1. Pop out the ³J(HN,Hα) list for region B:359-366 in order, Karplus 6.51 cos²θ - 1.76 cosθ + 1.60 with θ = phi - 60°, rounded to Hz; leave Gly and Pro as x.
2. Going down the table (B:LYS93/B:LYS235; B:LYS317/B:LYS513; A:LYS8/B:LYS216), which pairs top 27 Å between alpha carbons?
3. If r is the Cβ-Cβ distance from B:SER81 to B:MET516 and R0 is 56 Å, what FRET efficiency results, to the nearest 0.05?
4. So which residues of region B:443-475 lose at least 40 Å² of accessible area, probe 1.4 Å, when you go from the chain by itself to every protein chain present?
5. I'd like to check one number: the per residue accessible area of the protein assembly as shown, probe 1.4 Å, reported in Å² as a whole number.
6. Quick one: which bits of region A:162-201 get at least 20 Å² less accessible when the partner protein chains are in, versus the chain alone, with a 1.4 Å probe?
7. Would you mind checking which residues have amide H under 5 Å from B:SER220's amide H? H placed 1.01 Å from N; only 5 or more apart, or other chain.
8. What does the extension gain come out to for A:LEU330 and A:THR15, with contour length at 0.36 nm per residue minus their alpha carbon separation?
Amino acid sequence: MLKYFLNKLLLFGATFIGISLLTFSLVRMIPGDPIEAMVGERGVSPEFRAQLEKSFGLDLPVHQQYFHYLSNTLQGDLGLSLVSQRPVTEEFFDRFPATLELGLMSLFIAMLIGIPLGIVAAVKRNTVFDYSFMGLSLVGYSMPIFWWGLILILFSSINFLHLPFLGWTPVSGRLSPLFEIPNHTGFLLMDAWFSEEGAEAFWDAVRHLLLPAIAMATIPMATISRMTRSSLLEVLGENYVQTAKAKGLGTFRVIVVHAFRNALIPVVTVIGLSLGSIITGAILTETIFSWPGIARWLVTSVMARDYTVVQGGTLLIAMFIVSINLGIDLLYLGIDPKLRSKSAG
Amino acid sequence: MMKKNILCMSLASMLFLVSGSAYAAKTFVYCSEASPRTFNTQLSDDTVSGHASKLMYNRLVEFDRGGVQIVPRLAESWTVSDDNLVYTFTLRKDVKFHTTDYFTPKRNMNAEDVVFSFMRMHDKNHPFHNVGGAKYVFYMGMEMPDVIKSIEKVGEYKVRFTLNKPQGTFLTNLALETIGQILSKEYGDQLIKEKNKDQMDSMPIGTGPYAFKSYKKDSSIRYVAFKDFFAESPKVDQIVFLITPDQTVRVQKMIAGECDMIAEPPAMEYNNFKKNPNLKVIDGDVINISYLAFNVNKKPFTDVKVRKAVAHALNRKSYIDAIYRGRATVAESILPHNMWGYNDNLPVYDYNIDKAKKLLKDAGFENGFTTEVWALPVSRAYNPDGKKLAELMQSDLAKVGITAKIVTFDSTTYFNKTEEGYHTMAQLGWSSDNGDPDNFVTPLLSCASAESGSNIAKWCNKEFDALIQKAQTLAAADRAERSKLYEQAQLIYKNEVPSIPIASSKIYRVMKKNVMGYVMNPFGRDDFEFIELK
């Protein structure tokens with residue numbers, strides 16, 4: 001048990017070093033540097049450039065820059081953003097709740113729709129339901145988010161077909177300028193609910209959250225529904241399910257209570273993994289829907305060659321995902337007795 | 001039943017929100033394109049920070065509404081010594097700084113604030129010099145540290161600037177928000193006491209028509225009307241910047257009525273906006289130029305005949321429709337036609353394949369040659385589609401026997417490589433920073449900038465250089481004299497053809513029908529001081 005845990009921890013450390021090295025070198029491989037990005041086609045004098053380089057610490061040899069970075073990181077200091085001059089960690093956690101809120105909402109939508117679709121497809125295997133649902137999820141999986149996002153806006157916000165039940169979702173943003181919500185947790189739904197404007201602001205925030213969450217939900221939804229289907233199919237063929245049926249139990253009970261529970265294990269894994277992929281989805285979603293989260297922040301920082309933000313931000317995200325995976329691994333120990341005995345031995 | 005009730009209530013509240021989007025207080029919503037780097041543009045010259053900071057500050061002198069004439073603002077008058085070296089400004093006495101929940105001024109703006117603001121950029125030992133990274137890009141770029149010898153308070157409301165050498169653009173430079181913004185020294189002192197100097201540029205205090213209220217990162221910026229503004233009172237209660245980075249989404253938001261105005265509307269949407277009955281489109285002339293620069297040090301462009309041949313070969317009129325959708329004018333000089341000092345009587349290289357072929361023959365290239373044309377990788381007001389422009393140029397050049405390969409990079413590399421002169425022919429452009437011709441000819445064509453980079457033609461003509469240097473050292477007031485010098489300089493430029501001017505573009509802004517008082521300044525920046533909602 002301890003060995004298993006230590007193993008995982010060691011892997012965590014190795015991943016940390018790997019990611020820090022990778023982000024550090026990758027960001028420096030992009031052509032251009034922060035100073036060029038700052039001045040554009042205007043150009044600066046060599047003296048002024050030297051002065052700027054010094055102030056950014058870019059005048060040091062690369063390996064020294066890396067060791068500075070690494071030792072500071074280990075002390076919890078990811079440095080100052082070259083653009084905003086504020087600590088990267090602070091900037092990160094200012095924006096992280098927005099991304100998490102969006103991610104959780106989209107995951108929720110993905111599960112809400114994906115799991116039932118998967119169940120129906122499995123139970124009604126090889127029928128028109130199966131084909132259409134699975135076809136749909138394939139489409140959902142292959143649709144580029146930037147295109148899908150814009151289509152959602154066109155249909156739902158602009159409502160260019162003038163359908164009576166659409167047109168009430170805002171094009172983009174997180175809250176209408178009508179409301180001024182004090183920032184407590186960074187989770188706007190919560191902040192809005194407890195603010196003076198209360199429910200009104202809350203519903204406004206929900207309306208804003210809906211489209212980006214749907215746009216982002218399609219990919220995890222497709223994976224979840226397909227995984228539910230195949231995993232349920234497998235379980236439905238098991239003997240104990242046949243037994244349950246033979247006992248004369250109702251179809252609903254057999255599927256939901258007996259089969260689905262066991263089919264759920266791989267589905268949970270997929271959901272956990274989706275949390276990671278949500279950050280990738282957020283890059284496009286946040287840009288399109290003007291969502292003030294970390295993914296968009298990273299994109300603008302890459303454009304501005306804000307080295308500290310790109311390497312620090314990526315590192316934090318990577319650590320977040322690695323921690324989730326570690327958490328899931330440990331969770332398995334709790335769920336699956338077979339694993340527990342294996343790791344103990 | 002209970003459940004149904006809740007559902008009904010929530011639906012009702014949603015509907016209420018949909019219909020109730022009329023704001024109680026007058027709020028002007030501007031959908032901007034990015035988060036500002038800072039709220040003090042002395043630290044960064046990008047347009048986004050410029051917009052976000054301009055409405056909170058004033059300068060000693062400013063440009064007139066929508067123009068490039070210098071008018072008094074925080075200074076009510078000034079005198080210039082005969083040798084053009086000493087400028088003495090008399091300040092207004094009735095100017096108040098913003099009162100916010102983080103600062104309450106005890107006195108009006110005076111000479112100390114002016115000295116404080118300039119010394120911050122000028123003096124490395126100033127308590128605020130290093131705050132915000134000490135990157136005074138424009139102050140440095142306009143060589144102000146070399147030009148200014150001293151800045152002194154000579155009375156409660158009198159400030160004296162002494163220069164090392166005359167600078168024709170001095171007043172214009174003070175009018176720029178990237179240099180001349182006046183900060184509050186009193187606020188500075190308070191922040192030093194609170195050991196919180198960084199707040200200077202993140203929670204700004206100025207004298208402008210709108211005061212800073214709040215900034216939600218990457219999401220929105222809020223400004224409120226400043227009731228004690230020294231000039232005409234602001235007409236709306238609140239200005240909100242909604243940060244909307246995607247251009248397509250900004251367009252959709254404009255159509256959906258979620259913005260009163262948007263930043264940088266795309267050229268291709270112009271006609272659609274014009275047709276929309278809820279929207280109003282305002283056209284504007286900005287001072288910009290796009291050009292195709294040769295590298296005059298690289299064969300065969302060392303020969304002026306070849307350069308002239310290319311000038312005759314390009315059908316620039318056709319580019320106006322194809323690239324700018326008709327919303328630009330063919331340029332004939334390195335100065336835009338709407339800039340003072342522009343020479344109307346320059347020789348014109350008309351589109352003429354025969355002339356081009358003859359010139360090539362004279363230069364010994366009867367059978368043409370192979371070269372490269374570099375395409376601007378980013379969309380700019382002066383050149384919205386460099387790639388397409390390069391394709392048109394390529395086909396024009398093919399007609400006279402020149403085979404041009406199209407080359408491009410990511411933008412940073414592109415600017416870098418052209419500055420270092422790796423190209424043979426490259427597209428580039430320039431937008432005016434300060435409404436002065438010097439700001440075009442010096443960075444784009446002087447010998448010094450051929451060396452330092454921005455003169456990518458790498459063209460260095462002693463006669464031309466002497467003229468523009470002379471114009472530079474004349475006093476700002478000698479506009480007529482300076483104008484003559486620039487006209488002569490343009491003639492040399494036109495005969496030598498280090499680059500071919502392509503076009504000066506127009507830009508436009510779109511806003512809701514009820515937005516009044518908007519002015520676009522000739523630098524393409526939005527000015528919200530006089531905004532009204534009818």
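1. Result, rounded to whole Hz: 4, 5, 5, 4, 7, x, 10, 4.
2. Over 27 Å apart, Cα to Cα: B:LYS317/B:LYS513; A:LYS8/B:LYS216.
3. For R0 = 56 Å, the calculated efficiency reads 0.85.
4. Buried by the other chains: none.
5. Ligands and nucleic acids excluded, the result is 43 Å² per residue.
6. Residues shielded by partner chains are A:TRP168, A:VAL171, A:SER172, A:PRO177, A:LEU178, A:GLU180, A:ILE181, A:GLU200.
7. Close amide H contacts, sequence-distant or interchain: B:ILE243.
8. 111.7 nm
The values are calculated or read from the model by the stated rules, or taken from the named source; none is laboratory data. Computed from a prediction, not measured in an experiment: that's the story for all the values here. We place every Cβ from the backbone using ideal geometry, glycine too, and count neighbours over all the protein chains shown. Surface areas here come from the heavy atoms of the whole protein model, side chains and all, with no ligands, DNA or RNA. Shrake-Rupley method; radii C 1.70, N 1.55, O 1.52, S 1.80 Å.
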